[in-house]
Structures are given as C-alpha cells and as structure tokens.
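S.K.: Structure provided below as structure tokens; questions to follow.
Please treat every number below as a calculation from the coordinates, not as lab data. Note that the structure is predicted; figures quoted are calculated from it, not measured. Quick reminder, even Gly has a Cβ in these numbers, built from the backbone with ideal geometry, and neighbours come from all protein chains shown.
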C-alpha cells in the first residue's frame, strides 16, 4: 500500500468528524438564545394592581374594623365596640367618613403593590416550572410557587403594611387632628425610619413570612378548584371561566386560606401597633394566650372574612379580565 495514500486517507478521515462537529456547533449557535425574562409579563403586574386598588377602595372600612378588633387586648385607651355594625356606626359618628378611611392610602399602595407583585412573580415562577413540561403543575408545585412569590412580595411591601396599621390605629385622629402622631403615609414612613430605623419598618415581618402560607394555600386551592372544575365539566384544564365561576373559585379558596392562617394576622397587627410593646413574636403569642386564650388569636376574623371574601372576588375577577385583555392585545400585535 502506498504510504502517501494511507496518510492522505487518514487525513481525509480526520477531516470528516471535524467538519461534522463544526456543523453541530454551528447549528447550536444558530439556535436563538432564550431571553432571560421570557416569562415576565408586565400585564400580570398591572392587572393585579388594578384588582387590589379597586377592592381596597370598596372595602377599606371593614379592614379598619378588623385591625381594631385584632389589637383589642384590653388596654384602657382603646375604644369599646360591641360588634361590626356598632364599630362602623361609632367611627362614623365620632370621626365621619374620614375616620372610616384612615390608612386608606398605604392600604391602596400596599394592596395594589402586593397583588400586582404577587401575580407578577407567581405567573413568572409558574411559567418557568411548566416550561418543557407536558403535564400541568400539581397542588404541591402551585403551593411552592405561591409561597416563593409571597416571600418576594413581602420583602418589598412590609414597610407599607406597617404604616397602614399605624394610621388605622390613630383612634383620636378623626376628632382632633392635632393628636395625630402621623399625618399620612409618607410622614409615617419617615418618622418610623427616623425613630425606629429599618427594624421599625419591618416589624411583623416574621409572622408575615408565616403569612405567605395564606397566599400559598389560597393560590393552590384556586388553581386546583379551577382545574378540577374544568375536568368535571369535561373541558381543558386551562380553559377560561365565566365571571361567576371566577367569583365562586376565589371565594371558596379565600375562606379556606383565612380559616387556616388567621392567627398570624393578629400576631402581626399587634407587633405593628404603636400602643403596645412586645419583644417579639413569641412574646405576642405568650401574652395573647395567657390573657385571652384561643379566642384572642381569632379576634376580628368575622369582619375579616366579610371583607376579604368580596375583596378577593373583586381582585381575582378584575385580574383575570384585565390580564386576558392586555395579553390578548399583546398577542395580536
């Protein structure tokens, strides 16, 4: 055999895999890179904010009542109320409409930001987890996704909730404006930071972390109810529902979540209250249990359910309709 031919043959053989490897590399390089923020949609943020703001405007007085009941630990300075209607009538009589809407500004900011960010993060996380998967997410995956979204949202919004609680608990503000400790949301933020530092703005953060279980349970129940309802009706699991169906799913999921997690809201409100001092979460739990028993951890739950159930329905229906509209526009462009 001619040595020169053998060498040439070997060289040509070596060239073939090299060319093949180059082609593979080139084809991989030719594939468009997936954008990092491909699952992030501002439409979810806008729709969630719209739902949160509208529901807050409609039902803020009941939120105020819930907080006043939740912190009612027997201090002499606190007003005495015999029930929801008596509380609303008393505030209206002594403080007028303005009294019923104490703290509404941070509540609107907080609810709008919280719902907007929650839907924003939740849908992005869920989309990442469902990418390249044939089956839809299960209950546990929905639960974890919602919990992750809740923690991210709380890190951003906790200072707003502290200011809302402080403003709502200015009992004499409607009678004598000179007795106000805080003149508004931004005044409260500045004063809390000035006198209590970052720690003051993040009071209630730890029970708030436990509170992410509330949103996680609610979103898990909401997703599972929608999916199982569609399967029961022999429809695709992700089919869009009617307004009444969205209202039903939202109400049932909210009542379930509130019943399971309400005590953390009492602990959080008491930590944020400027009229009493606690050393931490354990101190609140111990003192509440010692003085008020189990009942103490469920103070304000009735006005809370009366408020949050329609609020949740408004929020979810507005979110679903606005997001569908915005995403529809985007798809058509």
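S.K.: Only Cα pairs under 8 Å and at least 6 apart count here; give the relative contact order of the stretch 178-260 as a rounded whole percent.
M.R.: Here the relative contact order equals 27 percent.
S.K.: Report the label-to-label distance for residue 210 and residue 97 in nanometres (one decimal), using points 7 Å from each Cα along the Cα→Cβ vector.
M.R.: My value for the distance between the label points is 3.9 nm.
S.K.: Counting other beta carbons within 10 Å of each Cβ, put 156, 306, 198, 247 in order, fewest first.
M.R.: The fewest-first ordering by Cβ neighbours comes to 198, 156, 306, 247.
S.K.: Hey, what's the per residue convex hull volume over the C-alpha atoms of the stretch 95-198, in cubic angstrom?
M.R.: Here the figure is 110 Å³ per residue.
S.K.: Quick check on the stretch 147-282: what are the equivalent-ellipsoid semi-axes from the Cα gyration tensor, as sqrt(5λ), descending, whole Å?
M.R.: 38, 16, 13
S.K.: Could you state the number of Å between the C-alpha centres of the stretch 296-322 and the stretch 92-134?
M.R.: The distance from the Cα centre of the stretch 92-134 to that of the stretch 296-322 comes to 11 Å.
S.K.: For the stretch 39-332, take N as its residue count and report Rg(C-alpha) divided by 2.2 N^0.38 Å.
M.R.: 1.03
S.K.: Got the relative contact order for the stretch 109-157 handy, in percent, Cα pairs under 8 Å and 6 or more residues apart?
M.R.: Result for the stretch 109-157 is 57 percent.
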